[in-house]
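Some notes on the structure that comes next.
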Amino acid sequence: MSSVEEHRKEAPKSVNCYIITVSDTRTPETDSGGDLVQKFLEEAGHTIAGRTIVKDDYEDIRELVYKNSVHTGIEAIILTGGTGISPRDTTYESVASLLDKVLPGFGEIFRFLSFTEDIGSAAILSRAIAGTIGNTAIFSIPGSTGAVKLAMSRIIIPELGHVMREIYKRG
């Protein structure tokens, strides 16, 4: 058994997750990206500790992410939306300003998969990012349902337990 297989075997099977949709226009009824994140998490056996929609505002996003990252019942936060390059897109800056550790491979792999499987060279416009704040895993992905499906099915769901195992590892 490889060390990665061994780590996955030791990983928690269920993670308490909080979902944040960043959007100036989405409502609970139109939040298809958030719905899809929740569906993937629940189907994989993870728990939804909460879910909210926040306007694309640097301080509002930052406050919400920080507040939930220090909540003892939340192990992972998944944000969807606000990762582009328009002047209103501030999710990347908000999240990056809080991270203790960055997982650069997450964004790299997401853009690679987007390039090869989905949108081609337009993948350069994505600013997906992941990392940790204390003992909380943070994943920030674009808001389109295609991007959510790709990130959840190919990266987050396969590695979420493994990420938590590494966060909780001592010594």
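The values are calculated or read from the model by the stated rules, or taken from the named source; none is laboratory data. None of these values were measured; they are calculated from a predicted model. Ideal geometry is used to build each Cβ from the backbone, glycine not excepted, and the neighbour counts take in all protein chains shown. Ligands, DNA and RNA are excluded from the accessible area calculation, which covers all protein heavy atoms including side chains. Shrake-Rupley method; radii C 1.70, N 1.55, O 1.52, S 1.80 Å.
Descriptive notes on the structure:
- Counting DSSP beta bridges with both ends in the chain, the antiparallel % (nearest 5): 30 percent
- Backbone amide hydrogens, once placed in the peptide plane, bring Gly143 within less than 5 Å of Gly81, Gly82, Thr83, excluding anything fewer than 5 places away on its chain.
- Whichever lysines have a C-alpha closer than 19 Å to that of Lys9, once near sequence neighbours (fewer than 8 apart) are set aside: Lys169
- Phi-derived couplings, Karplus 6.51 cos²θ - 1.76 cosθ + 1.60 at θ = phi - 60°, listed residue by residue for the range 128-141: 4, 8, 8, x, 10, 10, x, 9, 10, 7, 10, 10, 10, 10 Hz, with x used for Gly and Pro.
- Relative contact order (%) - criterion: Cα under 8 Å, at least six apart; region: the range 81-171: 30 percent
- Within the accessible area of the chain (1.4 Å probe), percent carbon and sulfur: 55 percent
- Here the relative contact order of the range 1-148, from alpha carbon pairs under 8 Å that lie six or more residues apart, stands at 26 percent.
- Among 103-111, 149-157, the order from most to least packed when residues are scored by Cβ within 10 Å on average: 149-157, 103-111
- A straight line joining the Cα centroids of the range 60-86 and the range 89-139 runs 13 Å.
- Per-residue HN-Hα couplings for the range 83-93 [Karplus 6.51, -1.76, 1.60; θ = phi - 60°; Hz; x = Gly/Pro]: 9, x, 10, 5, x, 7, 6, 10, 4, 4, 4
- Put simply, the amide H of Ile48, placed in the peptide plane, has neighbours under 5 Å in Cys17, leaving out anything fewer than 5 places away on its chain.
- Phi-based couplings in Hz for the range 25-30 (Karplus 6.51, -1.76, 1.60; Gly and Pro marked x): 10, 5, 10, x, 7, 10
- Peptide ranges 133-144, 9-20 listed from the most packed, as the mean C-beta count within 10 angstrom indicates: 133-144, 9-20
- Taking all protein chains into account, the per residue accessible area for the range 98-171 stands at 47 Å² (1.4 Å probe).
- Taking amide hydrogens as placed 1.01 Å from N in the peptide plane, the amide H of Ile77 sits under 5 Å from those of Tyr18, Ala137, Ile138, Phe139, each at least 5 positions away in sequence or on another chain.
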